[in-house]
Structures are given as structure tokens and as C-alpha cells.
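Reading through the C-alpha cells given below for one structure.
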Amino acid sequence: MAKIESGKFQLTSDFINLEPLFNDCCDIIEHAIPAEKEVTIKRVCPYEQVMIPVDSTTLHQIIRSFASNAVKFTQKGTIEIGLIHQELLTYIYVKDPGIGIPLEKQVEIFDRFNKIDSFSEGTGLGLAICMAIAKIYKGEVGVYSRVGEGSIFWIAANMRTESIEKEQVDWEPIQSILEKLRKGIWYKCNPYGEMIQQSMEPDKTNTL
């Protein structure tokens, strides 16, 4: 975090195929799930190939940060890890059926040293680092959650992307995820390089 804020944190911008990196992250997360948890991982990547100028190590860290939080607060069910490219934004999201987050905590969840549960493991810096990286990429980061139903965390990078879609993809559930992303609390990098909070009214009619 200190390196990012001081401008000493350097990111590479090599064009890489994001799809194998995405699958590699999912493999690592699946093997790290504690044996006592009845949790499975579902992958959503509607592309054969996604070429994107990104720092692969940093992106790996973001996905693992979101997913490790999802596993931590989910005892049973399916955690969905997805990759969606729409217009100029490439979204990475993690959706879980866990305990959910109260609204008053959602507005501060990306603050440094903030933790949903003070008794849980970790320093409370993971999500703050994700926000700082989103700022570097001039993108956005956010959360959509309902208590007792789970959460969706995402980061969206604003960058040029070349993608090849798979031949048969059911886009309806993917569009549903994108709609949820706009009904949560999210932070967007403005032209002045500041992360501005966009607090949307929580969706009271639809579930996760």
C-alpha cells in the first residue's frame, strides 16, 4: 500500500491472454478451500481468448483477495468467479452465497484496516489494495450485498481489450450480474485521479 501511494509501485502492461490466468487463479482457489467447508467454485468466462494489457501478478492478487474473502464467509454453496468484457471495461467479479454485509459496513468496506468481522483472519488491507490498483488502471471497484444472501465484489479496468467469444454462451445470467454491479456501492476513478464513491439505492426486490 505504501508503494502504491508513493508512486513507487510499478505495473507492467504486457498484452496477455487473460483466460488461462483466470483459470489458473480458480485452480489455486479451489485447492485452498478448507476441507470442512462444502464450497464449490463456478467459473464464468464466455471467451475463448481475452487479450488485455495488464500486470498479471497484480490481477492474480486481486482475484485471490476477492475469492479468499468469499471462502472465509461462506460455509456452504457455490462461489462464482467471473470475467466479463463490456464496452471499455473488463470486469472481474466474485459472487458468494455467504453471510452478506450490512449496508452501513458496505460504505466503508474498502477503507484500510476495515474488516467485516473483527474476529476474522487478515489485516483488512486486501480490499483497500484492490481499490488502489483500480485507481492506477483508471477503473472502478465495488460491492453489492444483502445480509443473509451473499455478496458480489468486482473490479473493472478501463483498458483496450481484444476478445473472442465462445460459440455458445448464455448471456442472460451474465447481464443479470452486470445489472447488480450498478445497484451496489462502487468507486470510480474520475479525470483527476480520485476515487469517487457512487452509492446506489440497494435493490430491495431482487435477490443475489
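Would you grab the residues whose amide H sits under 5 Å from the one on Gln86? Only those 5+ places off in sequence or on another chain, please, with H modelled 1.01 Å from N.
The list, which skips near neighbours in sequence, is Tyr91.
Enumerate by residue number the GluC sites (Glu not before Pro) in region 146-201 meeting two conditions: DSSP loop (anything except H, G, I, E, B), and at most 14 other Cβ atoms within 10 Å of the site's Cβ.
Taking region 146-201 and a limit of 14 other Cβ atoms within 10 Å, the loop GluC sites (Glu not before Pro) found are Glu149, Glu167, Glu194.
What FRET efficiency, computed as 1/(1 + (r/R0)^6) with R0 = 35 Å and r the Cβ-Cβ distance, is obtained for Glu36 and Ile164, rounded to the nearest 0.05?
0.30
Whole-Hz ³J(HN,Hα) for each residue in region 163-168, computed from phi via Karplus 6.51 cos²θ - 1.76 cosθ + 1.60 with θ = phi - 60°, x for glycine and proline: what do you get?
Using θ = phi - 60°, the values come out as 10, 10, 6, 5, 5, 10 Hz.
Give me a comma-separated list of calculated 3J(HN,Hα) values for region 169-178, in order, Karplus coefficients 6.51, -1.76, 1.60 applied at θ = phi - 60°, integers in Hz, x for any Gly or Pro.
For region 169-178, the Karplus-derived couplings read 9, 8, 7, 4, x, 5, 5, 5, 4, 4 Hz, x marking Gly and Pro.
We did not get these values from a lab; they are worked out from the coordinates using the rules stated. Since the model is a prediction, treat every value here as computed from it, not as a measurement. No Cβ is skipped: glycine too gets one built from the backbone with ideal geometry, and neighbour counts run over all protein chains shown.
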